[in-house]
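Engineer: This is the structure I have questions about; it appears just below.
The values are calculated or read from the model by the stated rules, or taken from the named source; none is laboratory data. Treat the numbers as computed from the prediction; the structure is a model and nothing was measured. Neighbour counts run over all protein chains shown; Cβ positions are idealised from the backbone, glycine included.
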Amino acid sequence: MRAADRFGRLAEWAWARHHNVLSWYVRPLFLLPLAWSAHRRSPAGIAVTLVALATSMAWFPAPARVDPRVAEFLRFEREWLGGDWTGRKLLLTGLVPLSLGAFCLAFWRRSPGWGLVLLNAMAAGKVLWGVVSGRGTGWAMLAPAGAGVAVGDVVLVVAARSRRRRRESGSAVASA
C-alpha cells in the first residue's frame with residue numbers, strides 16, 4: 001500500500017471521529033494549557049499542547065448518530081478545505097497560526113488581558129467564519145465555542161486576579 005493511500009485512510013478515520021461533538025467541546029479547552037505553557041515560557045509545553053490540539057479531533061470514537069447540523073457544517077468545512085486555494089482562503093487560513101501565536105505571545109509577555117481578548121476573538125472568528133462562509137452552518141459550533149470561551153474566560157480571570165493578589169501581598173510584606 002502506498003503512503004498516499006495510508007494517509008488517505010488515516011484522514012478518513014480521523015474525519016469520521018471529528019463528527020463526535022465531544023472533540024468540539026474539548027478543543028477550546030486546550031487554549032488553557034497553551035496559555036499556561038506560554039506564561040511559564042515553556043516551548044516544549046507549547047509544542048505538546050499544539051500537537052494535542054491538532055490531534056484531538058480523533059480522540060473520541062466516531063458517533064453512532066451524527067447531528068444533521070454537525071454533518072452539514074463538516075461537509076462545508078471539508079469542501080472548503082478541498083476547494084481551490086484563493087488568496088482570501090490563504091489569508092483566512094493564515095489567521096489560525098497568527099492568532100495562536102499572538103495568544104501565546106500575550107501570555108509569554110504576562111498580559112492576560114490581551115490573552116482574554118484573543119481567546120474571545122478566536123472563538124468568535126471561528127463561528128463567524130462558519131456562519132458567513134458556510135452559509136449559516138457555523139451555528140453548529142456556537143455551543144461548543146461558547147462553552148469553551150465561558151470556561152476559558154472564568155479560568156483566565158480567576159488566575160489573573162489570583163496572580164495580582166499574590167503580587168500585591170508580596171509587595172506589602174516586602175515594604176513592612
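Engineer: What about E72, is it free of Cβ contacts under 8 Å to residues at least 24 places away in the same chain, on the phi < 0 side of the Ramachandran plot and assigned to a helix (DSSP H, G or I)?
Structural biologist: No, not satisfied.
Engineer: Would you mind stating whether R110 is part of a loop (DSSP other than H, G, I, E, B) and either more than 20 Å from V26 (Cα to Cα) or not small (G, A, S) (or both)?
Structural biologist: For R110, the condition - part of a loop (DSSP other than H, G, I, E, B) and either more than 20 Å from V26 (Cα to Cα) or not small (G, A, S) (or both) - is met.
Engineer: Kindly indicate whether any position in segment 101-121 is β-branched (V, I, T) and either in contact with a Gly (Cβ under 9 Å, 6 or more places away or on another chain) or surrounded by 14 or more Cβ atoms within 10 Å (Cβ to Cβ) (or both). I'd like the intermediate steps shown before the answer.
Structural biologist: Within segment 101-121, the first condition is being β-branched (V, I, T), and the residues that meet it are 117.
Of the ones still in play, those that are also either in contact with a Gly (Cβ under 9 Å, 6 or more places away or on another chain) or surrounded by 14 or more Cβ atoms within 10 Å (Cβ to Cβ) (or both) are 117.
Yes: segment 101-121 contains one or more residues that are β-branched (V, I, T) and either in contact with a Gly (Cβ under 9 Å, 6 or more places away or on another chain) or surrounded by 14 or more Cβ atoms within 10 Å (Cβ to Cβ) (or both).
Engineer: For segment 6-17, check the following and say yes or no: at least one residue is modelled with pLDDT under 95, among the hydrophobic types (A, V, I, L, M, F, W, C) and in a loop (DSSP other than H, G, I, E, B).
Structural biologist: No, segment 6-17 contains no residue that is modelled with pLDDT under 95, among the hydrophobic types (A, V, I, L, M, F, W, C) and in a loop (DSSP other than H, G, I, E, B).
Engineer: Suppose we keep only residues that are touching a residue at least 40 places away in the same chain (Cβ under 8 Å) and closer than 20 Å to L10 by Cα within segment 77-100. Which one would you say is surrounded by the most Cβ atoms within 10 Å (Cβ to Cβ)?
Structural biologist: Per the stated criteria, the residue is E77.
Engineer: Only residues that are buried (at least 18 other Cβ atoms within 10 Å of the Cβ) and more than 16 Å from P97 (Cβ to Cβ): list them for segment 38-68, please.
Structural biologist: Result: H39, S56, A58.
Engineer: Then there's this: Out of the residues in segment 18-42 that are in a helix (DSSP H, G or I) and among the polar types (S, T, N, Q), state the one that is nearest to the chain's Cα centre (by Cα).
Structural biologist: S23
Engineer: Just for segment 149-176: of the residues that are among the small types (G, A, S) and at pLDDT 95 or above, which one is nearest to the chain's Cα centre (by Cα)?
Structural biologist: If we filter segment 149-176 for residues that are among the small types (G, A, S), which is where we start, we get 150, 152, 159-160, 162, 169-172, 174-176.
Applying the additional criterion that residues be at pLDDT 95 or above yields 150, 152.
Numbers: A150: 13, G152: 11 Å.
Within segment 149-176, the match that is nearest to the chain's Cα centre (by Cα) is G152.
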